[in-house]
Structures are given as structure tokens and as C-alpha cells.
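The values are calculated or read from the model by the stated rules, or taken from the named source; none is laboratory data. Model, not experiment: these values are computed from the prediction. Here the Cβ positions follow ideal geometry from the backbone for every residue, glycine too, while neighbour counts run over all protein chains shown. These accessible areas exclude ligands, DNA and RNA; they are computed on the full protein's heavy atoms, side chains included. Shrake-Rupley method; radii C 1.70, N 1.55, O 1.52, S 1.80 Å.
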Amino acid sequence: VHTSTVVGRRNVGRLSDLYWLLRSFAVDQCVFNVMQPLGRAQPLARSLVARYSAVVRAFARLVREVGAGKPPVFLVDVPACTTEDLPAQARGWVECAVFTEFGREGAPRERQTRVEKEKANRVERPECSGCAHDAACLGVWRSYVEVHGWDEFVAVAPPRTAP
């Protein structure tokens, strides 16, 4: 059993409580997803969406508390440039699901959720093109940037190659 918990302003300070509650149900994995400010959440983004830096700090505390304990914890749906200080095994960026869409003729076509549905709602800035994560990053939610700005996002230098 894998859980998926949306993290926003109301519960960012309670990740530990959430983890121990979920653990009591003998789950196999706890995934924490940052809130996506879309749909009904978009007009309420200012009051609902926690800053990524606050989520990452809270998650880092949880990782230290849990250690190598079971179930493992993962943070996803947050741009990788904001999670550089988290352990690699706990870092994620997106959960990419595949869905089937049926065309007018009824023919099925498989599409990736993140690529097909969400790219239009995300933005990048010129600095992103030099980031080590650029190839895998779809950008930042447009409404997140409208509320919180760009100050949390710093392009990560690509690894240096030996001469």
C-alpha cells in the first residue's frame, strides 16, 4: 500500500504526525506531494499553497526523524532545484502517470499526464535552461510563481566533466 499525501499550508508543519499515523496502518511507502495550484485551488493558491522552501525544510526534518525506518518517505511534485539538500533516495520530482485518451474515431492513445496535461500550466525562466535538471523539469506552476515569485529557484550547475 502506497499513500499519497498532498502538502499545503495547513499540514506542512504536521508531516511527522501524518507519517506516524500512516505507519500505524502498516503502509509500504509514504509519498508527500506538494499542492498543485490548479482548478478549484488556483484562486485560493495564496492561502492554500505552502512555499516549496517550507515544504522541503519540513520534509528534511521528517527524513532525519525517520532515518532508514519503514515505510520509506518520498517528496515529489516539487522542482528538483529546490530539493538539492535532501537525500537522493527521498527526492522525487513528479509522479508520471499514463492515461488513455480516446479520439473521435474511438482509437485509444496513451499519453503521459505530466507532459500532456500540465505543461501548459507551468513556466520556466531563462536561467532554467542552464540547470542540471532542465531536461527533466516541466517548470514551476504558473500560479505558484504568481503568488510566491522566483526567489526559491536557483539553477543547479551541471556536473563538471573531467578533462
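Here are the numbers for the structure shown:
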quantity	calculated
Residue in region 88-102 that is open to solvent by 20 Å² or more (accessible area, probe 1.4 Å), modelled with pLDDT of 90 or more, within 25 Å of V156 (Cβ to Cβ) and of a type outside the set (F, W, Y) present	no
Positions within region 112-129 being in a helix (DSSP H, G or I), loosely packed, with under 15 Cβ neighbours inside 10 Å and modelled with pLDDT under 90, in sequence order	T113, V115, E116, K117, K119, A120
Selection count where residues are out of contact with any helix residue (DSSP H, G or I) (no Cβ under 8 Å at 6 or more places or on another chain), among the charged types (D, E, K, R) and either surrounded by fewer than 16 Cβ atoms within 10 Å (Cβ to Cβ) or part of a strand (DSSP E or B) (or both), scope region 1-34	3
Of all residues making up region 53-89, the number that are outside any helix (DSSP H, G or I) and among the hydroxyl-bearing types (S, T, Y)	1
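Yes/no per residue for (1) touching a Cys at 6+ places or on another chain (Cβ under 8 Å); (2) more than 26 Å from F153 (Cα to Cα); (3) modelled with pLDDT of 95 or more:
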| position | (1), (2), (3) |
| --- | --- |
| Q29 | no, yes, no |
| V49 | no, no, no |
| A54 | no, no, yes |
| V76 | no, no, no |
